[in-house]
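Scroll down for the structure; my scribbles are underneath it.
The values are calculated or read from the model by the stated rules, or taken from the named source; none is laboratory data. Treat the numbers as computed from the prediction; the structure is a model and nothing was measured. Virtual Cβ from ideal backbone geometry, glycine too; neighbours counted across all protein chains shown.
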Amino acid sequence: MARKFFVGGNWKCNGTAEEVKKIVNTLNEAQVPSQDVVEVVVSPPYVFLPLVKSTLRSDFYVAAQNCWVKKGGAYTGEVSAEMLVNLDIPWVILGHSERRAILNESNEFVGDKVAYALAQGLKVIACVGETLEEREAGSTMDVVAAQTKAIADRVSNWSNVVIAYEPVWAIGTGKVASPAQAQEVHDELRKWLAKNVSADVAATTRIIYGGSVNGGNCKELGGQADVDGFLVGGASLKPEFIDIIKAAEVKKSA
Ligand code: PEP
């Protein structure tokens, strides 16, 4: 089964209501490949989810950038998976490196969140990736495998999971992984899934790349055999996000 190209836009903690409306307008007017070719998901901050959901074109979907690890209750400041389901938000990003690093989210905590969100019916973009120090120490695959194992230990059905490989040194730095570097980790990760989960999960799970993807580098990255799309930060706030969505065409003609 072919893996449908996936392009996610992570808006992070950015934007005013006016700016969000502008981005949505740009997306709504864009000519992009059809839904058979590319799945597009944008992730505004929580407070703008209802606005984006109610104004965004119906062939694009929305994601939250996080959710709580279990059922809601006395957890001030948190948003539960149940609330996202209640608002018809289909996707959630979990384990983003900014949350792992700044908010100390451990592999196990992220694994628990992924399992809980899936159990509530959400689809999950689960982020993994090594720091520059870890890459330079030659431990990229050990780090990525440990992050993925914490998810695999808690999840049995992978059909609603997209893995985002996001090297921390490439996020927001303008220092994109080379196509060969991305392909190498995606290939290793797929082999890890084949060995530790199943051949079917390895063949069908989309592994997308994130880290300084832009309109100029997306085609070459997207042309790599095991790169099934992107998670885009900075460029997802700009019109060039449309060009990144269009990079899905490289797989169609491959
Ligand atoms: C991200 O935050 O997921 C990301 C990939 O950011 P950027 O594209 O800005 O590097």
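Scanning the stretch 71-89 for residues being crowded, with 17+ Cβ neighbours inside 10 Å and closer than 24 Å to Ile102 by Cα gives a total of 4. Screening Tyr61, Tyr75 for residues that are in contact with an Asp or Glu (Cβ under 8 Å, 6 or more places away or on another chain), at negative phi and not acidic (Asp, Glu) leaves exactly one candidate, Tyr61.
Would you please name the residue that is nearest to Lys12 (Cα to Cα), looking only at residues in the stretch 83-107 that are within 12 Å of the ligand (Cβ to nearest atom) and assigned to a loop (DSSP other than H, G, I, E, B)? Per the criteria, the residue is His96. When the stretch 166-188 is filtered for residues that are more than 14 Å from the ligand (Cβ to nearest atom), closer than 20 Å to Gly111 by Cβ and charged (D, E, K, R), only Glu188 remains.
Could you say which residue among Lys195, Lys238, Lys246 is over 30 Å from Arg57 (Cα atoms), out of contact with any Asp or Glu (no Cβ under 9 Å at 6 or more places or on another chain) and of a type in the set (D, E, K, R)?
Lys195
In contact (Cβ under 8 Å) with a residue 60 or more places away in the chain and assigned to a helix (DSSP H, G or I) - does that describe any residue in the stretch 168-188?
yes
Screening Ile208, Ile163 for residues that are assigned to a strand (DSSP E or B), modelled with pLDDT of 95 or more and away from the ligand (no atom under 12 Å from the Cβ) leaves exactly one candidate, Ile163. Does Lys246 satisfy being under 28 Å from Glu18 (Cα atoms) and away from the ligand (no atom under 15 Å from the Cβ)? Here the answer is yes, as Lys246 does meet what is asked. Could you list, in sequence order, all residues of the stretch 192-205 that are in a helix (DSSP H, G or I) and touching a residue at least 24 places away in the same chain (Cβ under 8 Å)? Correct list: Trp192, Leu193, Asn196, Val201, Ala203, Thr204.
Summed over the stretch 213-223, the residues that are within 10 Å of the ligand (Cβ to nearest atom) and closer than 27 Å to Trp158 by Cα give a count of 1. Report yes if Asn214 is more than 22 Å from Leu94 (Cβ to Cβ) and touching a helix residue (DSSP H, G or I) at 6+ places or on another chain (Cβ under 7 Å), otherwise no. Yes; evaluated as a whole, the condition is true for this residue. The set of residues in the stretch 1-55 being over 19 Å from Ile163 (Cα atoms) and of a type in the set (Asp, Glu) consists of Glu18, Glu19, Glu29, Asp36.
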